[in-house]
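**Q** Here's a structure for you.
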Amino acid sequence: MGVSLRDLILDYRKAVPMESLGGVAAVDAHNALYQFLSIIRQPDGTPLMDRTGRITSHLSGILFRNVNFLEKGIRPVYVFDGKPPDLKKATIEQRRNVRAEADERWREALSRGDTEEAYKHARSSSRIDATVIATSKELLSLMGIPWIDAPSEGEAQASYMVQKGDAGYVVSQDYDALLFGAPTLVRNLTVSGKRKIRGRTITISPEKIQLVEVLRGLSISREELIDIGILVGTDFNRGIRGIGAKTGIRMVRAGEFDAVLREKDPDLDPGPIREFFQNPPVSDEYQLEWRSPDTAGIERMLCDDYDFSRERVRKALEGSAPKTGQRTLDTWF
DNA sequence: CATCACAA
DNA sequence: TTGTGATGG
């Protein structure tokens, strides 16, 4: 779920218009896919599926979101996770358990007709398996959108690409990219303008977070931000019970990091975690090339194979209303 | 999530 | 026009 630094970052999130986000976006693929799979569901939690029962929620998300990206001048590159570090083992195991539990509760809620409860648990049961990853890559390729396999964590690779200047910002809902040193992180880019929460419609706009502003504003270094992360918990260690972002920064500022760890989690060696955030495995072996979409191929995949409506897919690929002078997807390349 | 049809 | 609810696969 990423590091819980929300309370510290709150003041440094700047709402920005989509138009200011043109350029290359390094998208945390795992994060985006999880969002699609967890949210694109029917009210009882059933995901979109083709006639044979294969899940297609992620394909729907990828198609429509990327069409919108490209129309707004955003050129995405999807960064997939490679081999997870050993440090992540406990988190992976825990997530597996949470998913299994959610799956069970989903079934229970369904059987007693509690739709709302069913939807909630269905979301948490979302699993990104090899098929989801393979089909996502296949569709991205057909759309002419580059994707790369990170050597290790996708967020680390995406952050590195922004540091190098090959991308303008990382797209993720998680704050981990800041610990990995991403100069710029954009959240809510994968969320539409409006969203209903408990009956009320609120407007969600993309928010940009600049690492330098966070560090300057909080008067801390990136190393200290990482230490705060370790106290509140990351994918690589469970946090200290009772320590949130606010307490964490106070302790780090007071130089109490080592003492607190010694007392509350003596078995934890923070060294490898610090090292992983500061120098994660990354690769320069990638090339970013955006091609015009293979519309026939996309139709073949989505309509012939996964039962998407031909009309909807065609319309999406054409761009929306055929206004005069409006460029269609093809003319971006 | 994104789109669409239809209501207000 | 803008908002809401249903549907997509």
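The values are calculated or read from the model by the stated rules, or taken from the named source; none is laboratory data. Being a predicted model, the structure only gives us computed values, none of them experimental. Don't worry about glycine lacking a Cβ; one is built from the backbone with ideal geometry, like all the others, and counts go over all protein chains shown. Heavy atoms of the whole protein, side chains included, go into the accessibility calculation; ligands, DNA and RNA do not. Shrake-Rupley method; radii C 1.70, N 1.55, O 1.52, S 1.80 Å.
**Q** Provide A:Arg105, A:Arg300, A:Arg241 ordered by accessible surface of protein heavy atoms (probe 1.4 Å), highest first.
**A** Ranking A:Arg105, A:Arg300, A:Arg241 by accessible area, largest first, yields A:Arg241, A:Arg300, A:Arg105.
**Q** Which value, in debye to the nearest 20, describes the size of the charge dipole of chain A about its Cα centre when Lys and Arg Cβ atoms bear +1, Asp and Glu Cβ atoms bear -1, and nothing else is charged?
**A** With Lys and Arg at +1 and Asp and Glu at -1, about 1280 debye.
**Q** Sticking with this one: Using a 1.4 Å probe, how large is the accessible area of A:Lys164, given in Å² and rounded to the nearest 10?
**A** 90
**Q** Would you check the accessible area of A:Val282, probe 1.4 Å, heavy atoms only, in square angstrom rounded to 10?
**A** 60
**Q** Can you give me the C-alpha center-to-center distance between the range A:92-126 and the range A:296-315, rounded to a whole angstrom?
**A** Measuring centre to centre over Cα atoms gives 30 Å.
**Q** Kindly work out what percent of the DSSP beta bridges joining two residues of chain A are antiparallel, to the nearest 5.
**A** Counting only bridges with both partners in chain A, antiparallel ones make up about 50 percent.
**Q** With r as the distance between the Cβ atoms of A:Asp166 and A:Asp7 and R0 = 22 Å, compute the FRET efficiency 1/(1 + (r/R0)^6) and round to 0.05.
**A** Computed FRET efficiency for A:Asp7 and A:Asp166: 0.10.
**Q** Let me know the Kirkwood hydrodynamic radius for chain A, please, with Cα pairs as the basis and the value in Å to one decimal.
**A** 21.3
**Q** So, one more: Find out how many positive minus negative residues lie around A:Arg250, taking Lys and Arg as positive, Asp and Glu as negative, among other residues whose Cβ is under 13 Å from that of A:Arg250.
**A** Charge balance in the 13 Å sphere: -2.
**Q** Just add up the charged neighbours of A:Arg127: K/R +1, D/E -1, any other residue whose Cβ is under 12 Å from the Cβ of A:Arg127.
**A** So the environment of A:Arg127 carries a net charge of +2.
**Q** Using a/c under 1.5 as the rounded threshold, could you call the range A:37-113 rounded, prolate or oblate? The axes a ≥ b ≥ c are square roots of the C-alpha gyration tensor eigenvalues, and prolate needs a/b larger than b/c, oblate otherwise.
**A** Oblate.
**Q** At 222 nm, what value in deg cm²/dmol follows for chain A if DSSP H runs of at least 4 each add -39500 (n - 2.57) and the sum is divided by all its residues, to the nearest 500?
**A** One gets -13000 deg cm²/dmol as the mean residue ellipticity at 222 nm.
**Q** When Lys and Arg each count +1 and Asp and Glu each count -1, what net charge do the other residues less than 13 Å away from A:Ala25, Cβ to Cβ, add up to?
**A** +3
**Q** Right, another one. What distance in nm separates the two pseudo spin-label positions at A:Leu268 and A:Val16, each 7 Å out from Cα along the beta-carbon direction?
**A** Result for the modelled spin labels: 3.2 nm.
**Q** Moving on. For the range A:69-126, rounded, prolate or oblate, judged on the Cα gyration tensor with a ≥ b ≥ c (square roots of eigenvalues), a/c < 1.5 rounded, else prolate if a/b > b/c?
**A** The shape class here is oblate.
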